[in-house]
Each structure stands twice: as C-alpha cells, then as structure tokens.
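Notes to accompany the following structure.
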Amino acid sequence: MTGEINIRDDGPMIVATVLLSTCTTDRALTAFTDPKLVTRWWRGDLKAQPAEGGPYTIDFPAIPAQLTGQVLAIRRGRFEFTWSWDNEAPDSTVLITTEPGLEPESVLMTVKHGPHDDDAVGRAAHQEHWEGWEYFLPRLVAELRQGP
C-alpha cells in the first residue's frame with residue numbers, strides 16, 4: 001500500500017521501507033538535503049554541504065539537540081551520512097536508498113540506521129532512533145505527497 005511504513009530490525013540495523021506515490025527518486029532524496037524540506041518534515045535547521053566529505057548538521061531547537069555528521073555518499077538513488085548527537089559517541093550511519101516502485105510513478109525508499117551495539121548505550125540509541133523514525137517518517141510521506 002502506498003505510504004505504508006514498515007520498520008524492522010536487521011541485526012544491529014534499523015531498516016525502514018516506504019512506498020512513495022507520485023514521487024521521483026531524486027525528490028525522495030532531496031527531502032534529506034534541501035533545507036526547506038528538512039524544516040517542514042524533520043522540524044530541524046539543516047546546515048550541510050551535499051557532497052561526499054561535506055558536513056551534515058541539523059539543529060533541532062525543540063529538543064534541543066544537534067545531529068552532527070558527515071556526508072559519506074551522495075549520488076542518484078543513494079544518500080549516506082554519519083549521525084551523532086551533539087558530537088557525542090556512539091556514531092551511527094544512515095543510508096537512504098531509492099528505487100522505482102512496482103506501482104507507476106512510485107518510489108521505494110529504504111532507510112537503514114545503525115549499527116547499534118548490544119549494550120546499554122547501544123540499546124538506548126536503538127530505541128531512540130526507532131521512535132524517531134516512527135514519528136518522522138509519516139511526516140516525510142505527507143510532505144512528499146504534497147509535491148514540490
């Protein structure tokens with residue numbers, strides 16, 4: 001079903017998939033690199049250089065906290081960055097991939113976040129990240145349904 005979000009564990013990784021209707025692969029990835037889009041669905045202030053090796057920082061004033069990271073890969077159908085809260089360990093990685101969906105004019109987006117260690121710190125980070133994706137991915141879907 002279009003817009004349905006599925007979140008599961010795959011070893012130490014959180015894996016979320018969603019089928020986006022009337023969306024292109026480029027638009028799906030732009031939701032993570034365009035400051036205006038990030039503000040609308042993620043409620044954060046993006047400061048990034050969308051190039052490999054560039055900084056990837058989002059200020060979340062409501063929490064308040066800052067996601068700090070670095071762009072690891074950016075190309076058609078793939079965006080990957082490191083994730084750390086306020087420059088503190090443990091670091092994790094977020095990989096977003098997109099591919100054409102089975103429905104016409106649809107995109108299957110996959111978000112992989114981790115790895116999460118099997119210790120108290122890792123389990124707490126896993127829970128926090130899981131809850132964050134549960135909350136924010138529906139907002140992302142709603143934003144992308146609105147179009148450019």
Tell me the carbon and sulfur percent of the accessible area for the stretch 25-137, rounded to whole percent, probe radius 1.4 Å.
52 percent
Per the rule of 0.36 nm per residue minus the C-alpha distance, extending Glu52 to Glu103 adds in nm 15.2 nm
Using a basic spin-label model with each label point 7 Å from the Cα along Cα→Cβ, how many nm lie between Ala62 and Glu4?
2.8 nm
Tell me the label only: which of [x] 13; [y] 44; [z] 8 is percent of Cα pairs over 28 Å apart as calculated from this structure?
[x]
Can you order the peptides 46-57, 92-103 by their average number of other Cβ atoms within 10 Å per residue, highest first?
92-103, 46-57
If I take all pairs of Cα atoms in the stretch 33-120, what percentage of them are more than 17 Å from each other?
55 percent
Simple spin-label model, 7 Å along Cα-to-Cβ: Arg75 to Arg145 in nm?
3.4 nm
Treat every Asp and Glu Cβ in the chain as -1 and every Lys and Arg Cβ as +1, leave all other atoms uncharged, and give the resulting dipole magnitude about the Cα centre to the nearest 20 debye.
580 debye
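The values are calculated or read from the model by the stated rules, or taken from the named source; none is laboratory data. Because the structure is a prediction, the values reported are computed rather than measured. Neighbour counts run over all protein chains shown; Cβ positions are idealised from the backbone, glycine included. Heads up: the accessible areas ignore ligands, DNA and RNA and are worked out on the full protein's heavy atoms, side chains in. Shrake-Rupley method; radii C 1.70, N 1.55, O 1.52, S 1.80 Å.
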